[in-house]
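Here is the structure we will look at.
Only the coordinates and a few stated rules stand behind these numbers; no lab work does. What you see is a predicted model, and the numbers here were worked out from it, not measured in a lab. Every residue, glycine as well, gets a Cβ built from its backbone with ideal geometry; the counts of neighbours run over all protein chains shown.
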Ligand SMILES: CC(=O)N[C@H]1[C@@H](OP(=O)(O)OP(=O)(O)OC[C@H]2O[C@@H](n3ccc(=O)[nH]c3=O)[C@H](O)[C@@H]2O)O[C@H](CO)[C@@H](O)[C@@H]1O
Ligand SMILES: C=C(OP(=O)(O)O)C(=O)O
């Protein structure tokens, strides 16, 4: 078990390269199950969620080669084996195995997913979609059993705009008979990325990226090569970090349009953001003013950037209110920020931040992936050394974290935790 040592107070400068999107990758890999021949996915992020999914595909008979940012999946010998527990519990996106295996084999047994604990994360809309397509779905001892004689296209209205449910229903519907219409679908760029892969595999999908997606089922799907879109959340994290402690930082290999809501808020705070074709330059010389943010479905402000942005707001003059309308309990990082000297309180689904506060290095723990990013940024700004544990969460979503930060001039390194520290974490 490792911890991250962060010596704060060194301004960052330079260029950071952004990798492929985690939230696309984790859906694209299960999507390969649907093909009859090899699928190659490149620009893959080197993160633990990707490795776990590769292992899960191997468990069901897939041949998977994973090399530098590229994965080739040979699905020809895959079969529907129950995956009740184990690895599926270590990531949220294992729920995409439900849609993909149901679509391909018309049956699947998948344990309830894990991932970040952000309060309740129901999957009722996924199940509603599978049932509408003709599946019988039961929950037996913590695993979801899905069975269907055949899948038939249906009109499915999502009661909640859900990224996971939209993608999962697409996965189940591409090989179903007839037309499926998903209404009130989520519009995130990762949904378009998954639809692009499926279309290159031979699927017929229209409307991905709008709130009505139409899928005409096909008999079979074939392999193809696909390159993943840049990770807008990794990009956003480095943009926030640059606004917090950067001088001039270029965040490269991104689609600036995907981070428009963040750019707008940074500018409102007084941070200078220059948009270029596939990069942004963040220059940070002025005092920052507090702003309010409300997380919303895309293209609104992403909930996954709410936690890192809260850290930035501790450095802004005046008070700011952060409201998370997607996950109203996504505030586990706040207690740790307070330990570092931030003036933040949580009231209902909002955090109220009074700035600017000088932060002090402390021993803190990441309760989830983006809480880790929030505390990392706090550590980089703080006076003294911060020891960040809970890296198993951070490694789910940020590739080559230390290398990228050291490249920008940060003083950051990993150390093994002592026996005593490990015991403290367990208790
Ligand atoms: C692997 C992946 O892509 N994870 C992302 C995905 O998570 P995830 O797929 O869990 O998020 P959803 O978009 O499904 O959830 C959005 C909202 O809908 C609710 N809901 C969702 C499904 C459902 O069946 N019933 C229901 O009520 C959720 O509780 C939440 O309030 O989108 C989230 C919202 O952008 C991001 O924070 C996660 O990083
Ligand atoms: C919450 C997240 O991921 P997951 O849904 O995989 O837990 C995230 O990426 O911030």
Helix-only estimate, please: 222 nm mean residue ellipticity of the chain, summing -39500 (n - 2.57) across DSSP H runs of length 4 or more and dividing by its residues, to the nearest 500. -9500 deg cm²/dmol
Computed FRET efficiency, Cβ-Cβ of residue 55 and residue 212, R0 51 Å: what is it to the nearest 0.05? 0.90
Please order 49, 278 by the number of other Cβ within 10 Å, starting at the fewest. 278, 49
Neighbour counts of other C-beta atoms within 10 Å: give me 349, 225 arranged from fewest to most. 225, 349
Gyration tensor on Cα atoms of the range 31-137, a ≥ b ≥ c root eigenvalues, a/c under 1.5 rounded, else prolate if a/b beats b/c, else oblate, says oblate
Principal-axis tilt of helix 303-313 within the chain, Cα atoms, nearest 10 degrees: 0
What is the spin-label model distance, in nm, from residue 139 to residue 317 if the labels are put 7 Å beyond Cα along the C-beta direction? 5.1
What angle do you read, to the nearest 10 degrees and between 0 and 90, between the alpha-carbon axis of helix 22-31 and the longest principal axis of the chain? 10
Over all Cα pairs of the chain, how is the pair count split among 20 Å bins, expressed in % and running from 0 up to the last occupied bin? 27, 55, 17, 0
Throw me the Rg/Rh for the range 192-316, computed over C-alpha atoms with Kirkwood Rh, two decimals. 1.10
Burial ordering of 365, 214, 267, fewest other beta-carbon atoms within 10 Å first: 267, 214, 365
For an R0 of 51 angstrom, estimate the FRET efficiency from the Cβ-Cβ distance between residue 289 and residue 149 and round to the nearest 0.05. 0.25
Nearest 10 degrees is fine. How inclined is helix 232-245 to the longest principal axis of the chain, computing both from alpha carbons? 0
Stretchable slack from residue 107 to residue 200, in nm (0.36 nm times residue separation minus alpha-carbon distance): 31.0 nm
